[in-house]
Amino acid sequence: MASIKDVAKKAGVGIGTVSRVLNNSGYVSEETKSRILQAIEALDYTPNELARNLLKSKTGLVAIIIPDLNHPFFSTFCRLAEIELYNAGFKTMICSTVEIGNREQEYLDMLQRKIVDGIITAAHTLDNDAYQKVEKPIVALDRDLGPNIPFISSNHEYGGCVAAQKFIENGCKKVMAIKEAGFISSPSNQRYDGFADVLKNNNTKFIMMETDWNNFDYDYTSKIVYEYLNMHPDVDGIFTSDITGIYCSNILQDMGKRVPEDVKIIGYDATFVTRMCRPMLTCVRQNIPALASACVKTILQLIDGETDVPQKQIFSVDWQLGGTTL
């Protein structure tokens, strides 16, 4: 297998000149560049990616930290972000923090040791101080980690407002919100603030119930939903996450209630799973492609040393109108 030294010898130049051509950095005359490219082709030389990145003081890796790859929002986000990173010349390391409390800190430690060039984080197990101590490129999804770390989010408060308004338009008298009990404050929680404000202002009864953070186990969620619905049999509207919304639809029908005639359901995110059930779930839809693209663009700007990077980017939400509302 040919080495960069072999290429330099055949082209009659120094190794540094070959390196400048490979990395497209520094001036090399067209005549010399042509000789080097001919030597590369003749020797069938494949540049060592790791070595090339080390010359740039980069690893070519970006880590994405998420709570759980099994969640359809995060799996979709990672798939889209990985494609964009690959097209930009970076490989992706997917890091899931599910069930192990110190994983998020370990991934931050990796960044400090220069194992990755940057981190896109959507995890919620560490407080903001842990991230503020890291003097490396970080972008946060649905987390405001402080003034030095750009964050990207949907307009969750508006999402909660339009969901509440839809229940009112559907004539609901008592609406239940089923939310996850998070450890760390997140802009995504603002959906429930907007939701509650609209219902209060319109004198519509509502109750807030909680499930464990990031626990979508069928047996657990089914048990909790059964308990909540038995505690409040007069509920005629439910606002919750996509997966829990599907569970609610199935359980209500098992209990002999009609969806949407007796109980309306609105999910949040509008991930692909909501289109795989009948009736299809009505949802507030996050623009996951736009969120992924913004996160990738921002982390690449930070890695490149750009300073004119927006601190906050908020994306609008819209509707997926399904069959769980009228």
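The values are calculated or read from the model by the stated rules, or taken from the named source; none is laboratory data. Everything numeric here is computed off the predicted structure, so don't read it as measured data. Methodologically, a virtual Cβ is constructed for each residue, glycine included, from the backbone with ideal geometry; neighbour enumeration extends over all protein chains shown.
Condition check: buried (at least 17 other Cβ atoms within 10 Å of the Cβ) and among the small types (G, A, S). Does S249 satisfy that? So S249 passes the test. Is there a residue being of a type in the set (K, R), surrounded by 23 or more Cβ atoms within 10 Å (Cβ to Cβ) and over 30 Å from V116 (Cβ atoms) anywhere in region 258-265? Checked region 258-265: at least one residue is of a type in the set (K, R), surrounded by 23 or more Cβ atoms within 10 Å (Cβ to Cβ) and over 30 Å from V116 (Cβ atoms). Among the residues making up region 34-48, those that are under 42 Å from the mean Cα position of the chain (by Cα) and either among the hydroxyl-bearing types (S, T, Y) or surrounded by fewer than 19 Cβ atoms within 10 Å (Cβ to Cβ) (or both) are L37, E41, D44, Y45, T46, P47, N48. Looking only at region 251-266, count every residue that is under 29 Å from the mean Cα position of the chain (by Cα) and free of Cβ contacts under 8 Å to residues at least 24 places away in the same chain and tell me the total. Count: 0.
Residue-wise test of (1) among the hydroxyl-bearing types (S, T, Y); (2) in contact with a Lys or Arg (Cβ under 8 Å, 6 or more places away or on another chain); (3) at pLDDT below 85; (4) farther than 18 Å from L302 by Cα.
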{"position": "V98", "(1), (2), (3), (4)": "no, no, yes, yes"}
{"position": "D109", "(1), (2), (3), (4)": "no, no, yes, yes"}
{"position": "Q112", "(1), (2), (3), (4)": "no, yes, yes, no"}
{"position": "D117", "(1), (2), (3), (4)": "no, yes, no, no"}
{"position": "A122", "(1), (2), (3), (4)": "no, yes, no, no"}
{"position": "D127", "(1), (2), (3), (4)": "no, no, yes, yes"}
{"position": "Y131", "(1), (2), (3), (4)": "yes, no, no, no"}
{"position": "V134", "(1), (2), (3), (4)": "no, no, yes, no"}
{"position": "A140", "(1), (2), (3), (4)": "no, no, no, no"}
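For the residues C277, C295, C283, the requirement of being under 21 Å from S153 (Cα atoms) and not in a helix (DSSP H, G or I) singles out C283. The condition (being buried (at least 18 other Cβ atoms within 10 Å of the Cβ) and under 20 Å from F167 (Cβ atoms)) is satisfied by just one residue among T298, T271, T282: T282. Would you confirm whether any residue within region 287-294 is surrounded by fewer than 18 Cβ atoms within 10 Å (Cβ to Cβ), more than 28 Å from A181 (Cβ to Cβ) and in contact (Cβ under 8 Å) with a residue 40 or more places away in the chain? Within region 287-294, one or more residues are surrounded by fewer than 18 Cβ atoms within 10 Å (Cβ to Cβ), more than 28 Å from A181 (Cβ to Cβ) and in contact (Cβ under 8 Å) with a residue 40 or more places away in the chain. Across region 115-139, the number of residues qualifying as touching a Cys at 6+ places or on another chain (Cβ under 9 Å) and either of a type in the set (F, W, Y) or more than 15 Å from C78 (Cβ to Cβ) (or both) comes to 0.
Within region 5-18, the residues that satisfy the criterion of being surrounded by fewer than 18 Cβ atoms within 10 Å (Cβ to Cβ) and under 44 Å from the mean Cα position of the chain (by Cα) are K5, I15, G16. Only one entry in L80, L69, L108, L85 is of a type outside the set (F, W, Y), over 27 Å from A270 (Cβ atoms) and touching a helix residue (DSSP H, G or I) at 6+ places or on another chain (Cβ under 9 Å), namely L108.
Looking at region 146-204, which of its residues are at positive phi and outside the structural domain of I266 (by TED's automatic domain parsing)? Correct list: G146 only.
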